[in-house]
Amino acid sequence: MIQKYPSAILENAVNEFAKLPGIGRKTALRLVLHTLKRTPEEVENLGRAIITLRNEINYCKICHNICDDEICHICGDLSRDTSLVCVVENIKEVMAIENTGQFHGLYHVLGGIISPMDGIGPGDLQIESLIERVDKESVKEIILALSTTMEGDTTNFYIFRKLSGREVKISVIARGIAVGDEIEYADEITLGRSIVNRVDFNDTLKL
Ligand SMILES: [Zn+2]
């Protein structure tokens, strides 16, 4: 059904809100009408927050986590165990794992997983920089904490093969705990446990 809007300005705003994930045109209209009820100052703050986010956010030069400076607070924390690197898809997983309080190593944010269906290949992800880190830094163990989906498995195996022949242990978080691509929704205790109880990646290949 084509909706008629009484104003092109209103329609334009609805169009923009409706581009956000999970926001249909009905919800977009509700958000737009809500925006109109807020003070000009509040709306300006919202607009500025979005523009600043897009223009000024940085990605950590080491782990690709989102940060305000060149290096994120985790990589910059001298008390962390630099011999352990946990590989995750996105910053959401970094936040989820940090919340468990069970992991004291560093991270490596891939920026997604290998997904031929979505046209995402290894070259679109931060995999080369992970190999470089293993070669240049004193990394003893890589912990793969990706989705337990076919794409996650493919990515795990790709990284495993890329790292073969190097003196680094490769482990994977315990399975059956973080299901699907929902690592960030797993509760903190089970997610923490899945990291503590991680298994050697070689053993998963024998199954
Ligand atoms: Zn970092």
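The values are calculated or read from the model by the stated rules, or taken from the named source; none is laboratory data. Predicted, not measured: the structure shown is a model, and the values here were computed from it. Only protein heavy atoms, including side chains, enter the accessible area calculation; ligands, DNA and RNA are left aside. Shrake-Rupley method; radii C 1.70, N 1.55, O 1.52, S 1.80 Å.
Straight-line cross-link reach from LYS136 at under 23 Å between alpha-carbon atoms covers these lysines, not counting any fewer than eight positions away in the same chain: LYS61, LYS162, LYS169.
Can you give the Rg to Rh ratio for the chain, taking only C-alpha atoms and Rh from Kirkwood?
Looking at the chain, the ratio lands at 1.07.
Our coupling estimate for the stretch 122-137, obtained by passing each phi through the Karplus curve with A = 6.51, B = -1.76, C = 1.60 and θ = phi - 60°, is x, x, 8, 10, 7, 8, 4, 5, 5, 4, 4, 4, 4, 6, 9, 9 Hz, Gly and Pro reported as x.
Protein heavy-atom surface of the chain, 1.4 angstrom probe: 55% of the accessible area is carbon and sulfur, with nucleic acids and ligands not counted. Evaluated on the stretch 78-173, the Kirkwood hydrodynamic radius is 13.5 Å, with distances taken between all distinct Cα atoms.
Normalised by the number of residues in the chain, the average gap of Cα pairs under 8 Å and 6 or more apart makes the relative contact order 15 percent. Close amide-amide hydrogen proximity is noted between ILE170 and ILE142, PHE201, each under 5 Å apart and 5 or more residues distant or on a separate chain (H modeled in the peptide plane; Pro and chain starts excluded). Note on the stretch 78-173: antiparallel DSSP beta bridges, both residues inside, total approximately 10 percent of the bridges counted.
How far is helix 25-37 tilted, in degrees, relative to the longest principal axis of the Cα atoms in the chain, given as a value from 0 to 90 rounded to the nearest 10? With both axes taken from Cα atoms, the answer is about 70 degrees. Using the Cα coordinates of the stretch 13-112, the gyration tensor eigenvalues translate into equivalent-ellipsoid semi-axes of 36, 16, 12 Å, sorted from longest to shortest.
Against the main long axis of the alpha-carbon atoms of the chain, helix 8-17 sits at an angle near 20°. Taking all protein chains together and a 1.4 Å probe, the residues MET150, MET117, MET95 rank MET117, MET150, MET95 from largest to smallest accessible area.
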